[in-house]
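Working notes, structure below.
The values are calculated or read from the model by the stated rules, or taken from the named source; none is laboratory data. No experiment lies behind these values; they were computed from the predicted model shown. We place every Cβ from the backbone using ideal geometry, glycine too, and count neighbours over all the protein chains shown.
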Amino acid sequence: MLSRRNKLLLLKLLSLFSVVRGYNVLVIAFAQYLASIYILAPDLPLREVVFDLNLFLIVLSSALVIASGYIINNFYDAEKDLINKPRKSMLDRLVGQQFKLTTYFVLNFLATFAASYVSFKAVLFFSAYIFGIWFYSHKLKRLPFIGNFVSSTLAITPFFAVFVYYKNFDAVIFVHAMFLFVLILAREMIKDLENIAGDMAQNYKTVPILYGQRFSKIGISSLILLALIPAFLLTEYFNVGYMHFYFLGCIVLLILLIAMLWKAQTKLHYVGLHNIIKFIIVAGVFSILLIDVNLVLNRIF
């Protein structure tokens, strides 16, 4: 049996894990490695990619900055989250604000320190990434359109880091990036509908607050239709192996999503739509393995 002190410590660790959204950080790190193996450097030996110290440090720096980004975002959104996410907010509050800020600075320091072993350019890149996340959390997220766009850009920045490292400029990479970016942007706009109560209470100027839910739904529908273009291109004009089944499924699911969006009225409906897009994105990460199911085995042996 755990003592009361150990139980409290465990709860605080769970709280910190919740604040930094450790599960998201792990998925992104995994996605960076899969993208490197299957998309960005498919011709390199598997061992050379997996055991590349520079790649590991880039992924580590990305993970640390993302975790710190969730902390600073949680810090600024503490009051709003009490309305929008009361249960999660109560868990997050087990860790004090001062400790969160200390952890934020420590994680950022470790990220830049790890990046310094790669190159000075990597330090500049991650320093700019850290500043971008802070500036978004402090100022930009309250602005309509701009906040959504910047948030989506920051979400794909870790993949841009490995893209720059491998200097692979194949068209298929940009089409994949467009698909991911548009989906994330649609998800951000759905989150505005989901969090409208807390945003209004904290005087956030989001799209549905300023222009209404109908206008917001038109924008989201347009983005989802736009996402169908790269999904179609990836199935018809690029060799993505068995991953084309994933994109075919996405086309069907995204069309259904538009119909569900226009029927949605309550926060629960919008949470469901948000989770569907999140499922599509996470499923896409693991579907990268389908590009060539024999690739890993061939590169091992």
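A residue that is modelled with pLDDT of 90 or more, within 23 Å of Y270 (Cα to Cα) and assigned by TED's automatic domain parsing to the domain that holds A283 cannot be found anywhere in the stretch 135-149. Of the residues making up the stretch 166-195, those that are crowded, with 20+ Cβ neighbours inside 10 Å, touching a residue at least 60 places away in the same chain (Cβ under 8 Å) and more than 18 Å from F247 (Cα to Cα) are I190, K191, L193, E194, N195.
If only one of A128, A201 is at negative phi and without any contact (Cβ under 8 Å) to a residue 12 or more places away in the chain, which one is it? Reasoning before the result, please.
Details: A201 fails: without any contact (Cβ under 8 Å) to a residue 12 or more places away in the chain.
A128 is the lone residue from the list that is at negative phi and without any contact (Cβ under 8 Å) to a residue 12 or more places away in the chain.
Summed over the stretch 222-264, residues that are farther than 28 Å from I291 by Cα, of a type in the set (G, A, S) and crowded, with 17+ Cβ neighbours inside 10 Å total 1.
Specify which of the listed residues (K217, K205, K167) is closer than 29 Å to A63 by Cα and basic (K, R).
Exactly one of K217, K205, K167 is closer than 29 Å to A63 by Cα and basic (K, R), namely K167.
Checked against (1) surrounded by fewer than 16 Cβ atoms within 10 Å (Cβ to Cβ); (2) farther than 17 Å from L55 by Cβ; (3) outside the structural domain of V207 (by TED's automatic domain parsing), F160 passes all but condition (2). When L143 is tested against the conditions (1) touching a residue at least 24 places away in the same chain (Cβ under 8 Å); (2) within 29 Å of L53 (Cα to Cα), the lone failure is (2).
Find the helices (runs of 4 or more DSSP H) located wholly in the stretch 44-89 whose residues include 2 or more that are modelled with pLDDT under 95 and of a type in the set (S, T, Y), and list them.
53-76
Is one or more of the residues making up the stretch 230-242 among the β-branched types (V, I, T), more than 25 Å from K191 (Cα to Cα), modelled with pLDDT under 90 and touching a Gly at 6+ places or on another chain (Cβ under 8 Å)? No, the stretch 230-242 contains no residue that is among the β-branched types (V, I, T), more than 25 Å from K191 (Cα to Cα), modelled with pLDDT under 90 and touching a Gly at 6+ places or on another chain (Cβ under 8 Å). Only one entry in F232, F279 is farther than 26 Å from I146 by Cβ, under 18 Å from the mean Cα position of the chain (by Cα) and in the same structural domain as E194 (by TED's automatic domain parsing), namely F279. For the stretch 144-154, a tally of residues being farther than 15 Å from S216 by Cβ, crowded, with 17+ Cβ neighbours inside 10 Å and of a type outside the set (G, A, S) returns 2.
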